[in-house]
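Okay, so here's the structure we're looking at.
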Amino acid sequence: MKILKNIIVKGQHQKPIVTDVFYKENHQPKKIVVFCHGYKGFKDWGAWNVMAKAFAAAGFFFVKFNFSHNGGTLEQPIDFPDLEAFGNNNYSKELDDLGSVLDWVSSEEKFKNEADVNHIAIIGHSRGGGIVLLKANEDARVKKVITFAGVSDYKSRFPKKDNFVKWKEKGVFYVKNGRTYQEMPHFFQFYEDFVKNEQRLNIQKATHHLKIPHLIIHGDKDTSVKIKEAENLHAWNKTSQFEIIKNADHVFNVSHPWKTEVISKELNEVIGLSIDFLKA
């Protein structure tokens, strides 16, 4: 298996999009799968590398990347050394970054015998689930879309009432990272960009307009993104396939760091369902 790590993809927002690819090098074009991490996530979180190998072993050209402003750097793509970048991230930048990765994988000369640019699917976890639904609706290159514990709405996630007023006055609010203990900043530009691009960032509208196959996967023990959000997505796109993973939490019962090549039964089920859906 060929694994290329920490490739720099040039994006639209002055920071590199640090990218990995996994594939079996056999000079046969393979269906492309691009994976987007979620909020406070990164491409090397937990068992995502094990998952990438499983997709490659099943015959896909698998791509995963760090959003340009996720807080990682080229030197340290794991965790969040660049909190200034994290604070300046927003949904529009993430959509643009995914577009840049699709441009790159569609045109990269060295992959032309390995990657089938006519078969691109995108997968998003959590907040990344919203990003892939929006991108699938606006980019005809995307032929299938999958959400893992995906969100159905961005607007409701902003601070409410007094907290919102404080955010606007101070220009920043902080969320503590329970694992790294960093105080992670969110600058007020995040909200301003959302308001400016609210139509583009409407997940309900995008999902409703989807004309391509859509697989929704959600754990029934998810406390971070409630299963109601998956039910919303399925209601908005009645042709979608909806799969509930029993006893699965928000990350399908894996964690970070993940030191073994063996994954949870629940994530294994997610991968199996996804591969079947993408091969169909």
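The residue that is nearest to Ile216 (Cα to Cα), among those in region 150-166 that are over 18 Å from the mean Cα position of the chain (by Cα) and in a loop (DSSP other than H, G, I, E, B), is Phe158.
Give region 127-137 a look and list any residue that's surrounded by fewer than 24 Cβ atoms within 10 Å (Cβ to Cβ) and more than 15 Å from Lys93 (Cβ to Cβ), or say none. Answer for region 127-137, where residues must be surrounded by fewer than 24 Cβ atoms within 10 Å (Cβ to Cβ) and more than 15 Å from Lys93 (Cβ to Cβ): just Asn137.
Each residue in region 62-120 was checked for being at pLDDT below 95 and small (Gly, Ala, Ser), and 0 of them qualify. Out of Asn177, Asn202, one residue alone is under 30 Å from Ile78 (Cβ atoms) and within 20 Å of the chain's Cα centre (by Cα). It is Asn177.
Within region 55-85, the residues that satisfy the criterion of being more than 20 Å from Leu95 (Cβ to Cβ) and crowded, with 20+ Cβ neighbours inside 10 Å are Phe55, Ala56, Phe60, Phe61, Phe62, Pro77. Assess whether Ala149 counts as being surrounded by 20 or more Cβ atoms within 10 Å (Cβ to Cβ), of a type in the set (Gly, Ala, Ser), touching a residue at least 24 places away in the same chain (Cβ under 8 Å) and under 25 Å from Pro185 (Cα atoms). When the stated conditions are applied, Ala149 passes them.
The values are calculated or read from the model by the stated rules, or taken from the named source; none is laboratory data. As the structure is a computational prediction, the values presented were derived from the model and not from experiment. Note: ideal-geometry Cβ built from the backbone for every residue, glycine included; neighbour counts use all protein chains shown.
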